[in-house]
Amino acid sequence: HEPSPQEIKAAKESRNFGFLEKLLGLDELKYAYLWKAVLIELFGTTFFVAASIGATLSSFGRQPSPDVPPVINPVALGVGIANAIIMAVLILSLAASSGGHMNPMISFATVLTGHTPLARGVLYIGAQTLGSVFGALIMRDSVPESTQKWSENSFGQGKLGGCAMAGLSKNEHFLIEFAFSMVVIIVAYGCAFDARQAKVFGPVLAPILIAITIGICIYGSGTLLSSEYSGAGMNPARCFGPAAVIGGDALDGHYVYWFAPFTAGAVNAIVYHLAPPHHREMYYEEQARLLRDRQKEHEENLRAEMKVSTSRRGSMGTVATTTELKSIPTTTELKIVGGNSAMKQRATRTDKAVHIDA
């Protein structure tokens, strides 16, 4: 999205910060727009997790007993389609406010490639993790206990629509999670984070393609094994919320749902930085262009609005003079002519007006 006036101001002030402060992204911490974005990530992840849990349980639909076949067979098909739609709509709704990550894997990957400052990335991941717990709590307290068990497997995993690794070994689980997480990251960077491709796909098509990829990966991984396996999570927050709320066996081997996607993000960063640098250069040039264009537009609006009205009482009575400023620096000396006389005054420009000091 185009930077706001506050973001432009932050970018200017960041020139006075040292290298370490810029690297850590500390220059943003004092601005309200950052904390609003963190709040949006918390808000978005909360309701993404809640909706995703609901879609998962509804796809099973084991009512009145676990012996009844699921409503959608295979279950992964319904879960994949529902999550793709949910994710696409939420990204389109929240991207302008925070980037619409709602996924610690994406936030971590963008920190490593320089798209997200470190401080912002840490705050995002914390907000997403907390939001996932809130979303799971909403569903736990609103859905009957019997319904929560629709998605539970014989290993005691997957309750409340959570992630279940079934009988996979840690290595097998890691490889599946890593492979499908890598696919999602490649598509995200190819459609949204590459400055060239972002112009091709635009702000609408890119989120839809990313969401479709997530849905396909859910289906593709969820049908690899028996119905005991929930498929690749590809989103540590989505898996953490239900597991943290349920506890017990749901947390068994849960670290893989974090380690594998973060490893995929690290591998992507290595490739990204080793690839021809024009990808990064074009991204930074595009960001600088947006800042310049927004600043130019802001200044043009100010010049168009700035009309100086002044009046002075002379020997012949009050002489009113109005002049329209075409260009005015922050502080300048104006020569304003009224009637048959001239006066020299100091004009000080603010965001909305020009103050004349007699």
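The values are calculated or read from the model by the stated rules, or taken from the named source; none is laboratory data. Source: prediction; values computed, not measured. No Cβ is skipped: glycine too gets one built from the backbone with ideal geometry, and neighbour counts run over all protein chains shown. With ligands, DNA and RNA removed, areas are computed over all heavy atoms of the protein, side chains included. Shrake-Rupley method; radii C 1.70, N 1.55, O 1.52, S 1.80 Å.
For the range 159-173, which residues satisfy the criterion of being more than 25 Å from Ile212 (Cβ to Cβ) and part of a helix (DSSP H, G or I)?
Lys159, Leu160, Lys170, Asn171, Glu172
Looking only at the range 51-78, count how many residues are aliphatic (A, V, I, L, M), open to solvent by less than 50 Å² (accessible area, probe 1.4 Å) and touching a Phe, Trp or Tyr at 6+ places or on another chain (Cβ under 8 Å).
Residues meeting the conditions: 3.
Give the number of residues within the range 79-113 that are closer than 19 Å to Ile212 by Cβ, open to solvent by less than 20 Å² (accessible area, probe 1.4 Å), not hydrophobic (A, V, I, L, M, F, W, C) and not in a loop (DSSP other than H, G, I, E, B).
So the count comes out to 2.
Which residue out of Ser146, Ser132 is open to solvent by 20 Å² or more (accessible area, probe 1.4 Å) and assigned to a helix (DSSP H, G or I)?
Numbers: Ser132 fails: open to solvent by 20 Å² or more (accessible area, probe 1.4 Å).
Going through Ser146, Ser132 in turn, the sole match is Ser146.
Val38 passes all but one of (1) in contact (Cβ under 8 Å) with a residue 12 or more places away in the chain; (2) in a helix (DSSP H, G or I); (3) open to solvent by 30 Å² or more (accessible area, probe 1.4 Å); which number fails?
Every condition holds for Val38 apart from (3).
Against the conditions (1) touching a residue at least 40 places away in the same chain (Cβ under 8 Å); (2) open to solvent by 50 Å² or more (accessible area, probe 1.4 Å); (3) within 23 Å of the chain's Cα centre (by Cα); (4) over 22 Å from Ser221 (Cβ atoms), where does Ile270 fall short? Just the number, please.
For Ile270, the failing item is (1).
Select from the range 218-229 the residues that are within 26 Å of the chain's Cα centre (by Cα) and open to solvent by less than 80 Å² (accessible area, probe 1.4 Å) and write down the one among them that is farthest from Gly156 (Cα to Cα).
Going through the qualifying residues, I end up with Gly220.
Do we have Val200 as at pLDDT below 90, closer than 30 Å to Leu34 by Cβ and of a type in the set (Val, Ile, Thr) here?
Yes; evaluated as a whole, the condition is true for this residue.
Where residues in the range 197-217 are open to solvent by 20 Å² or more (accessible area, probe 1.4 Å) and over 19 Å from the mean Cα position of the chain (by Cα), which of them is farthest from Gly158 (Cα to Cα)?
Val200
Which of the numbered conditions does Thr116 fail, given that it passes all the others? Conditions: (1) part of a helix (DSSP H, G or I); (2) open to solvent by less than 30 Å² (accessible area, probe 1.4 Å); (3) of a type in the set (S, T, N, Q).
All conditions pass for Thr116, except number (1).
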